[in-house]
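These notes are about the structure you will find just below.
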Amino acid sequence: MHKPDLHLSAAEAARELGVSAKALRLYERRGLLAPRRSAAGWRIYGPAEMDRARKIVALRQLGMGLARITDVMAGSGDDLSTALASHHADLAQQLDRITETFQSVEAARRGVMSAAEADEGAAVSLQLPWPWGGERFDLPVIKPITYITGPLGSGKTRLARAIAEAIPNATFIDLERLTGTGEAMENDPERKARVDAHLRQFAGPGIDPPPALSALVRAIEACDAAILVIDMVEQGLHDETQKALRRYLRSRSFGGRPLFLLTRSSSILDCSDVSTGESIIYCPADHDVPMVVEPRKGAPGYEAVATCLATPAVRARTEGVIAWRPNVV
């Protein structure tokens, strides 16, 4: 640490200030510093020179140019407060230019990626229905499981129906499954046997699976479509059953068919445990174009997905509730 009564050589002064000796010589050539000389001609930095040098270094660390620093130190131009304000304005302009350049590069990068995807052909490409304005939605790849989520009223069910219509040999399984009797299954012993085999995975000794689970499994087995789009897969199921169902669906137990699962349950869609064979589609509350969200913290849309998911207990308490903002007069 520098002491006021010490006189430092150029190397010692540079080390004390955290700059190079070359920088000190530059400040000297610009008239910012005037170190004394020893009898042998060596530069000497006393307390006054070091105090001045510290001010120069501090301004340089703020990114201020030497010309402006020269005016400030000489007292012939702007005072320090005015110089800092002017420097702040310059930095703001630089930031704006950098932001514009960044956005241009990002747009170009997305354009290249979109072109590459267009060459390969999107797996799903459709014109968005109401409540959107007819924008296009493209899904590059259909993975084994695709979760569709979003706040209440975001249009995710309409998107799911549109996806089912856009994909050849896909079927939308709606919530009417919960009111079905399953009588048709009785006339097909082979399908009934498959349903019973599935349900045995969830039932323990003397424990019957929940009616909503039985209805879901029957609806899946009754469908011959190659791709299934299932509305609110957690409907009517408690927490442990939802978690068990998620494990079962991820095991590809229904013939290995790709599944689109609408959900707002954190027991069905666990953001911290999404595999490479799964993807997430998020429908924004403001009816912006749905987006494919990468399952990693910091990715665009990740926090929005995590926010709209809730445990089964919370979902039960808030069933049918839509967030709204009162009009301010």
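Just so you know, all these numbers are worked out from the coordinates, no wet-lab data involved. In this text, all values refer to a predicted model and were calculated from it rather than measured experimentally. No Cβ is skipped: glycine too gets one built from the backbone with ideal geometry, and neighbour counts run over all protein chains shown.
Worth a mention:
- What the phi angles of the range 288-295 give under the Karplus curve with 6.51, -1.76 and 1.60, with θ = phi - 60°, is a coupling list of 5, 4, x, 10, 7, 10, 6, x Hz, glycine and proline written as x.
- D_trans [Stokes-Einstein, Kirkwood Rh over alpha-carbon pairs] for the range 16-66, 10 °C, 1.306 mPa s, µm² s⁻¹: 139 µm²/s
- Rounded to the nearest Hz, the phi-derived 3J(HN,Hα) couplings of the range 135-144 under the Karplus curve 6.51 cos²θ - 1.76 cosθ + 1.60 (θ = phi - 60°) are 5, 8, 10, 10, 10, x, 9, 9, 8, x, where x marks glycine and proline.
- For the pair residue 102 and residue 71 in one chain, pulling the backbone fully straight at 0.36 nm per residue adds 7.8 nm over the alpha carbon distance.
- In the range 1-107, the convex hull through the Cα atoms has an average projected area of 8.7 nm², a quarter of its surface area.
- Ordering of 300-309, 94-103, 214-223 by packing is 214-223, 300-309, 94-103, highest average first (other Cβ atoms within 10 Å, averaged per residue).
- Backbone amide hydrogens, once placed in the peptide plane, bring residue 146 within less than 5 Å of 259, 260, 261, 279, excluding anything fewer than 5 places away on its chain.
- Efficiency of FRET from Cβ geometry, residue 92 and residue 152, R₀ 41 Å, rounded to 0.05: 0.50
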